[in-house]
Amino acid sequence: MSTNNNSTVVNKLFPKHFLWGGALAANQVEGAYLTDNKGLSTSDMLPNGIFSPPVARQGNEFSLKDVAIDFYHRYQEDIALFAEMGFTTLRISIAWTRIFPHGDESEPNEAGLAWYDKLFDELARYNIQPLVTLSHYEMPWALVENYGGWGNRKLIAFFERYARTLFKRYGDKVKLWLTFNEINMSLEAPLTGVGLQEGCSITDIYQAIHHQLVASSLVVKACHELIPDAKIGNMLLGGLTYPLSCQPADVFQAFQENRRWQFFGDVQCRGAYPGYMQRYFREQGIELTITADDIAALRHTVDFISFSYYMTGCATADPELTKKLRGNILSMLPNPHLASSEWGWQIDPLGLRTLLNTLWDRYQKPLFIVENGLGAIDKPDENGEIHDDYRISYLNDHLVQVREAIEDGVELMGYTTWGPIDLISASKAEVTKRYGFIYVDLQPDGSGSLKRSRKKSFWWYQQVIKTHGASLQQ
């Protein structure tokens, strides 16, 4: 671009090979929860969401996740709609329990493997590149019951066997992989993240996390060996925290809160435990069992960093103020300068640019935004149409900031919105909160035809992809 004062500003387009698409999770869209020899997962045992207590399922407890949006049987129709929007990638997860129903079998379940073959072949028909998460908020329930979840070191080998099975089976079809979805959420939801039940200690949680980090690194090593032309990344919940005030104590508190979740990225990208985390363990009396083999394994670092981004929050060093202010599932305090969604999630497009630059500066590895979206109550009008301008505005403003971050020099591989089609929420297993460009006729009581229809945002996203972002409104 010319630097003289009379030059016109060139419209900032996204890179030519930028990947556009959406993101799904098996337990929130597939349904068919016992079909083709699938075993029960932790998600199946949490019919009311990831923050609910587990239930002893006998096959008759109702959960929207059991059928979900029936992607298991309707994937061809849905992929055709994604292709119509112009997707070049689709993030999915594989249900571990479809491949190894109890997690510890010596041989995989062929019916499960065959279904994902069909899914990948359908994506290939439309030149949509799969981005596959190995573990997205679920694991075999039998591994929790019989082994105590990730607190047991044996799970490292079970997970590596599962991953190697997938790499060998799909290595020619899948070139982009992620290990654990939002791995840092294990601190907030231990059962969902690492399979630990009520009563576990902070030491138990970090020991389980350590086993998961070792497993992630060994899987990175396996991917590099078995699929040399593939790339494998981690996945973080991008919980960016601001200081509530400019008082130095608040600034440092926010700094500490950010390092609480960045620790996971530090290990997966740098290959070792950072000093600040070792100090935290010492001061909290947390003693972990870490072997020499573990330390060697952690040196196998990811190729890129993927993350979700929905909101930011604030932190303060004032304990009394903390008690008075309403927090959320990430223990953040609301920012008085930001508006909120219907669910109280604060809307901060500029925060996404800040986070992209923060992660790029910290790791100097390619980034991938694999979740971003607005959950809202979408109601069809008298003509059955949904004019979700609020979603268009949210995504537009965030993508404008993504484009600015690319101009800042951030290397960004792609962008997948969360829930390109309406799905079942993870937190409460509800369908009232919708994210999609595609409406699914499904009601909270499970009624509905499951018919798909395009929202106004469907056509908007189609134009964004078609124009490489030129249609975005500054």
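What follows is calculated from the coordinates using simple rules that are stated; it is not laboratory data. Predicted, not measured: the structure shown is a model, and the values here were computed from it. All Cβ positions, glycine included, derive from the backbone under ideal geometry; neighbour counts span all protein chains shown.
Reducing segment 296-322 and segment 410-465 to their Cα centroids gives an inter-centroid distance of 26 Å.
Looking at the chain, the DSSP beta bridges with both ends there are about 15 percent antiparallel.
Set the bar at 18 Å for Cα to Cα. Now go through Lys16/Lys466; Lys428/Lys455; Lys65/Lys154; Lys118/Lys455 and name every pair that lies beyond it. Intermediate values should be presented prior to the final figure.
Numbers: Lys16/Lys466 11 Å; Lys428/Lys455 24 Å; Lys65/Lys154 29 Å; Lys118/Lys455 27 Å.
As for pairs spanning more than 18 Å Cα to Cα, those are Lys428/Lys455; Lys65/Lys154; Lys118/Lys455.
Dipole magnitude for segment 167-245: computed about the Cα centre from +1 point charges on Lys and Arg Cβ and -1 point charges on Asp and Glu Cβ, it is near 420 debye. Straightening the chain between Asp445 and Ala114 buys 116.0 nm, computed as 0.36 nm per residue apart minus the Cα-Cα spacing.
Phi-derived couplings, Karplus 6.51 cos²θ - 1.76 cosθ + 1.60 at θ = phi - 60°, listed residue by residue for segment 97-113: 6, 7, 9, 10, x, 10, x, 10, 5, 7, 10, x, 8, 4, 4, x, 4 Hz, with x used for Gly and Pro.
To the nearest 20 debye, what is the magnitude of the charge dipole of segment 349-465 about its Cα centre, counting +1 on the Cβ of each Lys and Arg and -1 on the Cβ of each Asp and Glu? It would help to have the intermediate numbers written out before the result.
On the way: 14 positive and 17 negative charges, 48 e Å.
Dipole about the Cα centre, nearest 20: 220 debye.
Evaluate Rg over Rh across the chain, taking Cα atoms for both radii and Kirkwood's formula for Rh. Provide the component values of the computation, followed by the final result.
Values: Rg = 21.7 Å, Rh = 22.9 Å.
My calculation of the ratio gives 0.95.
Based on every Cα atom in segment 336-474, Rg and the maximum pairwise Cα distance Dmax equal 16.2, 51 Å.
As a proxy for reagent exposure, Trp20, Trp459, Trp141 were ordered by neighbouring Cβ count within 10 angstrom, fewest first; the result is Trp459, Trp20, Trp141. For Ser340, nonlocal amide neighbours, meaning residues 5 or more places apart or on other chains whose placed amide H falls under 5 Å from its own, are Ile347.
Its Cα gyration tensor gives segment 291-368 an equivalent ellipsoid. The semi-axes, each the square root of 5 times an eigenvalue, are 31, 19, 11 Å from largest down. The string of couplings for segment 71-87 from the Karplus curve (6.51, -1.76, 1.60, θ = phi - 60°) is 4, 4, 10, 10, 4, 5, 4, 5, 5, 4, 5, 4, 5, 4, 6, x, 3 Hz, one whole number per residue in order, with x for Gly and Pro. Its residue count N sets the reference 2.2 N^0.38 Å, and the alpha-carbon radius of gyration of segment 253-338 equals 1.36 times that reference.
Here the 3J(HN,Hα) profile of segment 406-413, calculated from phi with Karplus coefficients 6.51, -1.76 and 1.60 at θ = phi - 60°, is 4, 5, 5, x, 5, 8, 10, 7 Hz, Gly and Pro shown as x.
Let me know the whole percent of all Cα-Cα pairs from segment 39-193 that are separated by more than 18 Å. Every Cα pair in segment 39-193 considered, those over 18 Å come to 61 percent.
With the charge dipole of the chain set up from +1 on Lys and Arg Cβ and -1 on Asp and Glu Cβ about the Cα centre, the Cα lying farthest toward the positive end among the listed residues Pro47, Pro444, Ser217 is that of Ser217. The calculated FRET efficiency for Glu320 paired with Glu145, based on their beta-carbon distance and R0 = 41 Å, is about 0.45.
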